[in-house]
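Only one structure is covered here, and it is reproduced in the block below.
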């Protein structure tokens with residue numbers, strides 16, 4: 001088990017404090033609703049960073065973070081890295 005990066009812990013805490021809901025699509029992609037008054041662009045960067053660090057989702061997707069009223073949103077592209085991971089070390093043939 002990897003030790004969690006302290007900076008990532010701070011990002012996780014800040015993101016969780018702002019998060020109102022996670023909505024999952026039929027294809028397994030999460031989108032996030034955050035508290036009103038926060039910047040969806042900032043939180044979309046955090047969402048991407050957290051998802052890519054956790055490596056739980058094995059497919060690439062585009063998703064978004066939006067505020068509670070839906071008046072502001074920001075998209076982000078998630079890249080799982082699963083397919084290419086290990087190719088350099090010869091783990092996948």
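Structure notes:
Condition check ((1) over 19 Å from residue 14 (Cβ atoms); (2) touching a strand residue (DSSP E or B) at 6+ places or on another chain (Cβ under 8 Å); (3) surrounded by 11 or more Cβ atoms within 10 Å (Cβ to Cβ); (4) at pLDDT 90 or above) across all residues:
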| site | (1), (2), (3), (4) |
| --- | --- |
| 34 | no, yes, yes, yes |
| 45 | no, yes, yes, yes |
| 62 | yes, yes, no, yes |
| 67 | no, yes, yes, yes |
| 73 | no, yes, yes, yes |
| 77 | yes, yes, no, yes |
| 81 | yes, no, yes, no |
| 84 | yes, no, no, no |
| 90 | yes, no, no, no |
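- Evaluated against (1) modelled with pLDDT of 95 or more; (2) not in a helix (DSSP H, G or I), residue 12 falls short on exactly one condition, (2).
- Taking every residue in the range 69-93 that is over 30 Å from residue 35 (Cα atoms) and pairing it with any residue that is modelled with pLDDT of 75 or more and part of a loop (DSSP other than H, G, I, E, B), at least 6 positions away or on another chain, the pairs with Cβ-Cβ distances below 6 Å are 82/58.
The values are calculated or read from the model by the stated rules, or taken from the named source; none is laboratory data. Since this is a predicted model, take the numbers as computed values, not measurements. Note: ideal-geometry Cβ built from the backbone for every residue, glycine included; neighbour counts use all protein chains shown.
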